[in-house]
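The values are calculated or read from the model by the stated rules, or taken from the named source; none is laboratory data. Everything quoted here is computed from the prediction, not taken from an experiment. Because the Cβ atoms are built from the backbone with ideal geometry, glycine has one as well, and the counts that use them run over all protein chains shown. Just so you know, the surface numbers come from the protein's heavy atoms only, side chains and all, with ligands and any DNA or RNA stripped out. Shrake-Rupley method; radii C 1.70, N 1.55, O 1.52, S 1.80 Å.
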Amino acid sequence: MAFPVDLRRCQVLGLAGTAFLALGGETAGALPVEDLLAPSSVQAAFGLVGVYFGVVLLIAAWLLLGRLVRGAEPPTPRQLLLVLAVWATPLLLAPPLFSRDVYSYLAQGAMVDAHMDVYTSGPAQLGGPLADEVAPVWQNTAAPYGPAFMGVASLLSGLTRGELPAGLFGMRLVALFGVGLMAAALPRLARHSGA
């Protein structure tokens, strides 16, 4: 016998998933170099378990939400946006997860701010604590991003003056703005294409 699925359960399950992701990320995320724990430490292991448990909960929440969306009385777009907001809230203040790419974006923004050519040099040329946060594989790699994104990264670099927590939060807001643009554009695109 399947248990009844409702939007509230999806919200709570997804919120629990992103909360576990955020909490696990405090020890197993892509933390600044000075805060990294040894991968073999107990704290890092618990954090990793928390992160993956959060991923499982979030996948389950998405599957349940999919059942609701395809059901007889699907949620309204406004209700779905609320689900997105509830699920995203814990991740706003979480450390970066699964990738150190955001440090590369911040370093490239600082390079633009310093009038360095990001299309011929990598963050290693910038040097300093911000460049040290960039993954070794990207240290000498030129930016693959266009001038619009580099302008946003430069603006963010200037506003945060290279401070990591502020820069990470700023990049998170830029990403959230992008998700908001997608949420606004996709229904219009779907209607336009007859879906």
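Expressed as a whole percentage, what fraction of the accessible surface of the chain belongs to carbon and sulfur atoms when a 1.4 Å probe is rolled over the protein heavy atoms?
Using a 1.4 Å probe with all protein chains present, the chain comes out at 70 percent carbon and sulfur.
Accessible area per residue of the stretch 54-195 at 1.4 Å probe, in Å²? Before the final figure, lay out each step's value.
Working: 8520 Å² over 142 residues.
That works out to 60 Å² for each residue.
Could you rank the peptides 61-72, 92-103 by their average count of other C-beta atoms within 10 Å per residue, with the highest value first? Walk me through the intermediate numbers first.
Numbers: 61-72: 13.6, 92-103: 16.5.
The peptides rank, most packed first, as 92-103, 61-72.
What nm distance separates the two modelled labels at residue 26 and residue 81, each placed 7 Å from Cα along Cα→Cβ?
3.2 nm
Taking 7 Å along the Cα-to-C-beta vector as the label spot, tell me the residue 139-residue 63 distance in nanometres, rounded to one decimal.
4.3 nm
Taking the Kirkwood radius as the inverse of the mean 1/r across Cα pairs, report the Rg/Rh of the chain. Don't skip to the answer; put the middle values down first.
Numbers: Rg = 19.5 Å, Rh = 18.7 Å.
Dividing the radius of gyration by the Kirkwood radius yields 1.04.
Could you state the angle between the C-alpha long axis of helix 42-69 and the longest principal axis of the C-alpha atoms of the chain, as a value from 0 to 90 degrees rounded to the nearest 10?
Here the helix axis deviates by roughly 40 degrees.
Using alpha carbons only, how many degrees (0 to 90, rounded to 10) separate the axis of helix 147-160 from the longest principal axis of the chain?
Around 80 degrees separate the two axes.
May I ask for the angle, rounded to the nearest 10°, between helix 101-113 and the longest principal axis of the chain, with both axes built from Cα atoms and the value confined to 0 to 90°?
Approximately 50 degrees, to the nearest ten.
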